[in-house]
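The values are calculated or read from the model by the stated rules, or taken from the named source; none is laboratory data. A quick note: this is a predicted structure, and the numbers were derived from the prediction, not measured. Reconstructed Cβ throughout: ideal geometry from the backbone, glycine too, with neighbour counts over all protein chains shown.
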Amino acid sequence: MVEPVEHRYDPLAVIAKVSSIVEQAELQELIEVTIEAAVDLTGARYGALGVTNEHGRLVAFHHKGLTANEAGRIGDEPSGRGVLGDISSHGVSVRTDDITSHAAYTGIPDHHPEISSFLGVPITAGGKTFGNLYVTNRDDPFAEDDEVVMASLAVAAGAGINAIRMSHELRDRALVEDRARIARDVHDSIIQSLFAVGLGLQSQAQKSDDPEVQASLYASSSAVDAAIGDLRRLIHDLHEDVATRASLSEEVDALVMRLSSPHEIPVDVAFRGDVPALGDELLDDVLQIIREATSNALRHAGATSVRVAIVVDERSMYMTISDDGEGFDVPATSDGLGLANMRTRAKRAGGELDIVSSESGTLVEARIPVVAR
């Protein structure tokens, strides 16, 4: 007969710790709060959070429970092999009363305190492995309810990390959009007004019979022209900065990550050719087409996979967004699912867009010229 598991956790205390994690606005603070929550809730002697790269190697290691002297005496930090490697690479939890008996155990760094009981869980953010969270050395063995609580903290950390990343991306995007908007406002409002003032001054100078008045008016007109020249250079600099920062590949990667994070459908993104830096208006059109098509595939197609491909040659950029879903009747849905918006965007960019759908999936294909029109 299996004895019932004794649940030692106050649900309100767990909720409070989870809330404190997802409330963090900076990554370093989130990591520290997560480790502290793990140690406090489980009663473990030590806690740590390791951040891994795409190859599973630890690139950052944060810990709690070691004194400054203990931490200073330890040699190299963990590299992500052994038990920690199992957690990150396989996305599985590890719970053991004696870590030295685990099949993946490879030892601990020199001068590290002895480790006995161990409980570690993976952390994922945006569908990708971020690292691992673990606690060690408690007087009594870790149990099933400890693992559940640690998994809850890991989920909260992953959600918080993803939110912080998205917030930073949106802030960057907002800054780019603000610079583009300022450039448009300067051109459409201020420069046009100054140009009208300059014409008015020249007209008044031509009508005047007083040489001194004429000279003064022409001097004022020249000053206005000089101001217009300065503002045009400002606009040029703003647009150059927008084009430099608004890399198409970076924008598409960030967009796809945001769209796919709520779904369990893999989205493959591929680029071929020299992807150009686009101006803000053309970039917006391209991203909106990708946004509409990818969102439709993820939300409505019943697909198991989605692919976004961008191929660039010397004259045009070809975009395809395809899925293996159930398809739909394109003519009957011409005004729905944002199809009209995609066609309008492609046309405004000087290109064309075609949609082919069948029972085996849907293909959205757009050709956009990337040379000056």
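Look at segment 27-47: where a residue is part of a loop (DSSP other than H, G, I, E, B) and a partner is crowded, with 23+ Cβ neighbours inside 10 Å and aliphatic (A, V, I, L, M), sitting 6+ places away or on another chain with Cβ atoms under 8 Å, you get 44/38; 44/119; 44/135.
Table: residues versus (1) within 30 Å of the chain's Cα centre (by Cα); (2) over 12 Å from residue 134 (Cα atoms); (3) among the hydroxyl-bearing types (Ser, Thr, Tyr); (4) at pLDDT 70 or above.
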residue	(1), (2), (3), (4)
19	yes, yes, yes, yes
30	yes, yes, no, yes
37	yes, no, no, yes
46	no, no, yes, yes
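The set of residues in segment 321-345 that are buried (at least 18 other Cβ atoms within 10 Å of the Cβ) and at pLDDT 90 or above comprises 321, 322, 323, 325. Can you confirm whether residue 51 is at pLDDT below 85 and over 22 Å from residue 87 (Cβ atoms)? Answer is no for this residue. Among the conditions (1) more than 30 Å from residue 162 (Cβ to Cβ); (2) surrounded by 19 or more Cβ atoms within 10 Å (Cβ to Cβ), residue 360 misses just one, which is (2).
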